[in-house]
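The values are calculated or read from the model by the stated rules, or taken from the named source; none is laboratory data. Here the structure is a predicted model, which is why all the values come from computation and not from measurement. A quick note on method: Cβ atoms are made from the backbone with ideal geometry, for glycine too, and the neighbour counts reach across all protein chains shown.
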Amino acid sequence: MPFQFRKEAIEEDLNSNFPSQGQGNPPLYYSLSEVVVPTYSINSVTEGSGLPENLQTAWDFSTGSFYGTNTVNNTLINNAGFWKVTLQTTFTFSARPIVQLVISDGLTDKTLFRLDEQQAAPSEIGFLETASFVVFLRSGDSLVLRDNLNSDTNVSYRQIATVNGELVNPLGFSFA
């Protein structure tokens, strides 16, 4: 015989989402056993009060962008949280181009992306690379783009969650 238990928060959630199930009269009991059978998903997306991830991370009017040609050091983001970042870079080979995207705490760098001339075929006139990331920045961290001669780099970014994991919906979005 399975073990039975009562959890008021689950019971209240079930009763509010499925009112025809008796409102706890008789009380709802849940069974535990060695076999797990998913029958009810308790999360904001399934109940309709949250956005699916692909919509929550959509580009919107708050999207930041940076376009640089032959720039050296550019701080793109210095706010803590989770960020969606897309980078596209091109360069030619008349000099030794290097493009780097790093997380910096002011003392130490962590490289997320690095592209230099040695990674491309020497006979190429130009080279194109695209990369996408979700980046977590702590308080005091910055996302920095470093590129040098003969490079064109475009970076787009949008905050998708706060440092505490609270999702940031697209600008202007609200549930009707």
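Each residue in region 138-154 was checked for being touching a strand residue (DSSP E or B) at 6+ places or on another chain (Cβ under 8 Å) and either outside any strand (DSSP E or B) or of a type in the set (Ser, Thr, Tyr) (or both), and 6 of them qualify.
The set of residues in region 68-103 being under 17 Å from residue 146 (Cα atoms) and modelled with pLDDT of 90 or more consists of 75, 76, 77, 78, 85, 86, 87, 88, 101, 102, 103.
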